[in-house]
1. Report yes if some residue within the range 138-152 is open to solvent by 40 Å² or more (accessible area, probe 1.4 Å) and either under 13 Å from V75 (Cα atoms) or assigned to a helix (DSSP H, G or I) (or both); otherwise report no.
2. Which fully enclosed helices (runs of 4 or more DSSP H) of the range 1-114 have 1 or more residues being of a type in the set (S, T, N, Q) and at pLDDT below 90?
3. I need the full set of residues from the range 73-114 which are basic (K, R) and in contact (Cβ under 8 Å) with a residue 40 or more places away in the chain, in order please.
4. Out of the residues in the range 116-136 meeting the condition of being open to solvent by 30 Å² or more (accessible area, probe 1.4 Å) and assigned to a loop (DSSP other than H, G, I, E, B), tell me which one is farthest from D73 (Cα to Cα).
5. Can you name every residue in the range 151-168 that is basic (K, R) and touching a residue at least 12 places away in the same chain (Cβ under 8 Å)?
6. In this structure, is G24 open to solvent by less than 70 Å² (accessible area, probe 1.4 Å), in contact with a strand residue (DSSP E or B) (Cβ under 7 Å, 6 or more places away or on another chain) and on the phi > 0 side of the Ramachandran plot?
7. Can you tell me which condition R113 does not meet? The list is (1) charged (D, E, K, R); (2) within 18 Å of T184 (Cβ to Cβ); (3) under 13 Å from the mean Cα position of the chain (by Cα); (4) open to solvent by less than 40 Å² (accessible area, probe 1.4 Å), and all the others hold.
8. From the residues in the range 131-183 that are of a type in the set (V, I, T) and under 19 Å from the mean Cα position of the chain (by Cα), which one is modelled with the highest pLDDT?
Amino acid sequence: MCTGNVCRSPMAEAMLRARLAARGVAASVSSAGTATEDRPASDEVLELLAPRGLDGSGHRSRLIEPVLLGDADLVLAMARLHVRDATLVDPSVFGRTFTLKELVRRGTATGPRGADERLASWLARVGDDRLPTALLGDSPADDLADPVGRRFAVFKKLAAELDDLLDALVDLAWPVGPDGRPATPR
């Protein structure tokens with residue numbers, strides 16, 4: 001059983017890092033949370049990453065800190081609560097902090113990042129009419145279900161959902177040009 005909330009974040013971290021590397025995007029991808037520190041990814045996460053050719057065995061949880069948020073071009077959260085927590089730590093990150101589901105939904109509605117568009121500009125366009133009050137409470141439209149204490153089937157469902165969402169995010173934020181290379185600047 002996954003305990004200590006080290007399930008979603010390490011899985012998403014490993015999956016996104018692999019997708020960006022495959023796309024040829026030089027990026028640093030790391031995760032942090034609000035509940036636990038220095039805990040490994042759960043056995044379920046490791047089991048689900050392995051067939052994808054990913055290894056999460058070296059993962060250790062860490063807590064969100066202002067320096068981590070300040071250095072990030074994009075902060076992805078697994079749930080609205082995490083967006084709220086991140087903006088409490090550093091209010092200036094709201095414009096670049098989204099739940100994964102929210103960013104994919106808004107990015108799909110707004111359209112992919114343009115060939116000469118910087119990531120910060122695309123995020124501003126995607127979040128143009130967004131208000132912090134819209135992220136109060138929980139919502140299945142924005143929150144990825146937490147598998148803590150649940151059966152393995154719930155972990156598998158989460159992994160499949162992350163696969164779909166991260167594929168969509170990478171296609172939106174780092175689209176490929178006609179030459180098969182990333183068509184966007186950093």
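1. Let us first name the residues in the range 138-152 that are open to solvent by 40 Å² or more (accessible area, probe 1.4 Å), namely 138, 140-141, 145-146, 148-152.
Next cut, either under 13 Å from V75 (Cα atoms) or assigned to a helix (DSSP H, G or I) (or both) only: 152.
Yes.
2. In the range 1-114, the matching helices (runs of 4 or more DSSP H) lie at 8-23.
3. First pass over the range 73-114, keeping only residues basic (K, R): 80, 84, 96, 101, 105-106, 113.
Residues satisfying the conditions are R80, R84, K101, R113.
4. Top of the filtered list is L136.
5. K156, K157 - these are the residues of the range 151-168 that are basic (K, R) and touching a residue at least 12 places away in the same chain (Cβ under 8 Å).
6. Numbers: open to solvent by less than 70 Å² (accessible area, probe 1.4 Å): yes; in contact with a strand residue (DSSP E or B) (Cβ under 7 Å, 6 or more places away or on another chain): yes; on the phi > 0 side of the Ramachandran plot: yes.
For G24, the condition - open to solvent by less than 70 Å² (accessible area, probe 1.4 Å), in contact with a strand residue (DSSP E or B) (Cβ under 7 Å, 6 or more places away or on another chain) and on the phi > 0 side of the Ramachandran plot - is met.
7. (3)
8. V170
The values are calculated or read from the model by the stated rules, or taken from the named source; none is laboratory data. Since this is a predicted model, take the numbers as computed values, not measurements. Using ideal geometry, Cβ is built from the backbone for each residue, glycine included, and neighbour counts are taken over all protein chains shown. We work out accessible area using only protein heavy atoms, side chains counted, and drop any ligands, DNA or RNA first. Shrake-Rupley method; radii C 1.70, N 1.55, O 1.52, S 1.80 Å.
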